[in-house]
Ligand SMILES: Cc1cc2nc3c(=O)[nH]c(=O)nc-3n(C[C@H](O)[C@H](O)[C@H](O)COP(=O)(O)O)c2cc1C
């Protein structure tokens, strides 16, 4: 049995393309093996912007934290624990205003923790999370893949690599707000089909 963590960040619930494509990937994965799905819906989790107070809670030794600090640290600890429990992770990533959803940024702000998920050495930064397969399912109204305007792909490669995840696969559903929508969805389905054969292999 493999644990698969699905992290969604769309505002659109059941109408989200990134979530629906990610669920299609999970369906296909479950056809060939038993998987347990853990969902982290960031539209529901509703993480606020990171604050100095929250970072202060992380920096305070657990046994010295106030109740407020313990509650704040538990948020980040819980999210990092979910990552650790997973055998594979799927990030469903809509493009909103030329970037990732702010909820996903707030999430990364909490899972990037010095001494916990990364550390700095003389050779540079080292990710501390155990590497595992990570799929990123992107949904976009326009076309960006392979162009300088694709701010998401390099950012996600840097961010995920920083905490230790380098086994990354990307699926792109593009042109969803254009007359090419059906074609974009068909191409993404094809990528999902291919990825389902390799992600947990
Ligand atoms: C608030 C908002 C901002 C958006 N900004 C962009 C954008 O900058 N570029 C783009 O190509 N599409 C943009 N779109 C279209 C979405 O990328 C497209 O609807 C995609 O399907 C979103 O993924 P989702 O369906 O999983 O939410 C935007 C949509 C919303 C709701």
If you go through the stretch 12-23 one residue at a time, do you hit one that is closer than 20 Å to residue 102 by Cβ, touching a helix residue (DSSP H, G or I) at 6+ places or on another chain (Cβ under 7 Å), touching a residue at least 40 places away in the same chain (Cβ under 8 Å) and surrounded by 18 or more Cβ atoms within 10 Å (Cβ to Cβ)?
no
Any residue at all in the stretch 103-111 that's under 12 Å from the mean Cα position of the chain (by Cα), within 20 Å of residue 17 (Cβ to Cβ) and assigned to a strand (DSSP E or B)?
no
State whether one or more residues within the stretch 43-58 are within 16 Å of the ligand (Cβ to nearest atom), surrounded by 13 or more Cβ atoms within 10 Å (Cβ to Cβ) and without any contact (Cβ under 8 Å) to a residue 40 or more places away in the chain.
no
Is it fair to say residue 87 is touching a strand residue (DSSP E or B) at 6+ places or on another chain (Cβ under 8 Å), more than 16 Å from the ligand (Cβ to nearest atom) and farther than 24 Å from residue 151 by Cα?
yes
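I'd like the residue in the stretch 126-146 that is more than 16 Å from the ligand (Cβ to nearest atom) and assigned to a loop (DSSP other than H, G, I, E, B) and, out of all such residues, is farthest from residue 8 (Cα to Cα).
So, considering only residues that are more than 16 Å from the ligand (Cβ to nearest atom) and assigned to a loop (DSSP other than H, G, I, E, B), the one farthest from residue 8 (Cα to Cα) is 128.
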Out of everything in the stretch 3-18 that is closer than 25 Å to residue 80 by Cβ and not in a loop (DSSP other than H, G, I, E, B), what residue ends up being farthest from the ligand (Cβ to nearest atom)?
3
Kindly provide the set of residues from the stretch 102-125 that are touching a residue at least 24 places away in the same chain (Cβ under 8 Å) and either over 24 Å from residue 29 (Cβ atoms) or away from the ligand (no atom under 16 Å from the Cβ) (or both), ordered by number.
103, 106, 108, 109, 110, 111, 112, 113, 116, 117, 118, 125
Scan of the stretch 157-181 for residues that are assigned to a helix (DSSP H, G or I) and farther than 13 Å from residue 89 by Cα, ordered by number:
157, 158, 159, 161, 162, 181
Which one of these does residue 80 not meet: (1) closer than 30 Å to residue 177 by Cβ; (2) away from the ligand (no atom under 16 Å from the Cβ)?
(1)
Does residue 146 satisfy being without any contact (Cβ under 8 Å) to a residue 60 or more places away in the chain, out of contact with any strand residue (DSSP E or B) (no Cβ under 8 Å at 6 or more places or on another chain) and surrounded by fewer than 16 Cβ atoms within 10 Å (Cβ to Cβ)?
yes
Can you confirm whether the stretch 77-84 contains a residue that is at pLDDT 95 or above, within 16 Å of the chain's Cα centre (by Cα), in a helix (DSSP H, G or I) and under 30 Å from residue 175 (Cα atoms)?
no
Going by what's in this entry, would residue 21 be described as within 16 Å of the ligand (Cβ to nearest atom) and assigned to a helix (DSSP H, G or I)?
yes
Give me a count of the residues in the stretch 99-128 that are surrounded by fewer than 17 Cβ atoms within 10 Å (Cβ to Cβ) and farther than 30 Å from residue 141 by Cα.
12
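The values are calculated or read from the model by the stated rules, or taken from the named source; none is laboratory data. Only a predicted model underlies this, so the values are computations on that prediction, with no experimental measurement involved. So basically every Cβ, Gly included, is an ideal-geometry build from the backbone, and we count neighbours across all protein chains shown.
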